[in-house]
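Quick notes on the structure that follows.
The values are calculated or read from the model by the stated rules, or taken from the named source; none is laboratory data. Being a predicted model, the structure only gives us computed values, none of them experimental. Backbone-built Cβ (ideal geometry, glycine too); neighbour counts: all protein chains shown.
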Amino acid sequence: MKVEEKGHTRILRDTKNDVDRFLSIITTEHKSFSDYNLILDLSHNTSVTIVDIKKFLPLSKVHRKGKKSFVIVAGDLDFNSVPAQLTVVPSLLEAHDIIEMEEIERDLGF
């Protein structure tokens, strides 16, 4: 796993192309990331499926309770099949845009 800091956002990249291991590491170390918006970058793993993405749902719920954004970047997916409780986008640029919009919404009290 590779961690990149960008302001109040942490980008976590899966470098081993092993979604289950990546999720396990993030879940174990979540407390160290809980004060930041998270972008989970799975875009380099071309074998990611909707089933893999759904595994992140419990962690997403926990993270969002802390009033922080949780965005997954994944390439080849049917984005219509993604559960509404998860935010999944095809690029890092879109992930940053989503976080910026959610930050504005939180500042306005939504």
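Quick notes on this structure:
Listed here are the residues, each with its yes/no results for (1) free of Cβ contacts under 8 Å to residues at least 60 places away in the same chain; (2) in contact with a Pro (Cβ under 7 Å, 6 or more places away or on another chain); (3) outside any helix (DSSP H, G or I).
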{"position": "ASP35", "(1), (2), (3)": "yes, no, yes"}
{"position": "ILE39", "(1), (2), (3)": "no, no, yes"}
{"position": "ASN45", "(1), (2), (3)": "yes, no, yes"}
{"position": "LEU59", "(1), (2), (3)": "yes, no, no"}
{"position": "ASP76", "(1), (2), (3)": "yes, no, yes"}
{"position": "ASN80", "(1), (2), (3)": "yes, no, no"}
{"position": "GLU100", "(1), (2), (3)": "yes, no, no"}
{"position": "GLU105", "(1), (2), (3)": "yes, no, no"}
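- If you filter the range 82-98 down to residues that are in a helix (DSSP H, G or I) and not β-branched (Val, Ile, Thr), you find that the one that is surrounded by the fewest Cβ atoms within 10 Å (Cβ to Cβ) is LEU93.
- Within the range 56-81, considering residues that are at pLDDT 95 or above and polar (S, T, N, Q), the one surrounded by the most Cβ atoms within 10 Å (Cβ to Cβ): SER69
- In the range 17-28 there is no residue that is modelled with pLDDT under 95, outside any strand (DSSP E or B) and touching a strand residue (DSSP E or B) at 6+ places or on another chain (Cβ under 8 Å).
- Test result for LEU38, more than 30 Å from LEU108 (Cα to Cα), modelled with pLDDT of 95 or more and surrounded by 14 or more Cβ atoms within 10 Å (Cβ to Cβ): no
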